[in-house]
Amino acid sequence: MCRPVQGHRGEGPGAVGSDVAMSTAERRELWVEEPAKRRRMPDPVRTAAVRAVLIVALTLIQAMVAFLCTLADSWLAFPMVLSSVGSTVVATWAVLDVWVTRQVWNQRNGVVSVPASTARRLRKERRQARRAARRAPESIRRPGGTGQLTHG
């Protein structure tokens, strides 16, 4: 027969000696959701970033192997050094691809609207100008008039 251990949280009437008897109010959550500090990257940018990280990691491994082959005077040292140079070019291209993809995405989908954003202020001014232009003719016209603004 199992008995609760002295000083255990599950002690008391009806306690079985496990966390099952604890009320849900006493139980602490294992995982607490917190709001993200930064916005999630767009899918094309995230894809390019993952690709770049993988390519850079493989390039670093290849450079380390080339270095170790050079120290060991292996015949593989020269081909590894040549391929490491090529991989470095590809890794640089991949990192630039992340930057270009991010710029293109921002250009196509607009900037993030923050209070200090110039684009947001300009859009607001354009909206207000359109509303004012729509209201102006209605307020000038008289009911039953011909729609002309000047008398002539």
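Points worth noting:
Okay, residues lined up against (1) touching a helix residue (DSSP H, G or I) at 6+ places or on another chain (Cβ under 7 Å); (2) within 30 Å of residue 65 (Cα to Cα); (3) at pLDDT below 65:
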| site | (1), (2), (3) |
| --- | --- |
| 81 | yes, yes, no |
| 92 | no, yes, no |
| 97 | yes, yes, no |
| 117 | no, no, no |
| 123 | no, no, no |
| 127 | no, no, no |
| 140 | no, no, yes |
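- For residue 61, the criteria (1) in contact with a helix residue (DSSP H, G or I) (Cβ under 9 Å, 6 or more places away or on another chain); (2) at pLDDT 95 or above hold in every case but one, which is (1).
- The residue that is surrounded by the most Cβ atoms within 10 Å (Cβ to Cβ), counting only those in the stretch 71-90 that are among the hydrophobic types (A, V, I, L, M, F, W, C), without any contact (Cβ under 8 Å) to a residue 24 or more places away in the chain and in a helix (DSSP H, G or I), is 80.
- Listed by first and then second residue, the pairs with beta-carbon distance under 9 Å, at least 6 apart or on different chains, first residue in the stretch 24-43 and under 30 Å from residue 110 (Cβ atoms), second β-branched (Val, Ile, Thr) and assigned to a loop (DSSP other than H, G, I, E, B), are 39/112.
- No other residue among 99, 105 is at negative phi and either surrounded by 14 or more Cβ atoms within 10 Å (Cβ to Cβ) or part of a loop (DSSP other than H, G, I, E, B) (or both) apart from 105.
The values are calculated or read from the model by the stated rules, or taken from the named source; none is laboratory data. Every value quoted in this text rests on a predicted model; they were computed, and no experiment measured them. Cβ: placed from backbone, ideal geometry, glycine included. Neighbour counts: every protein chain shown.
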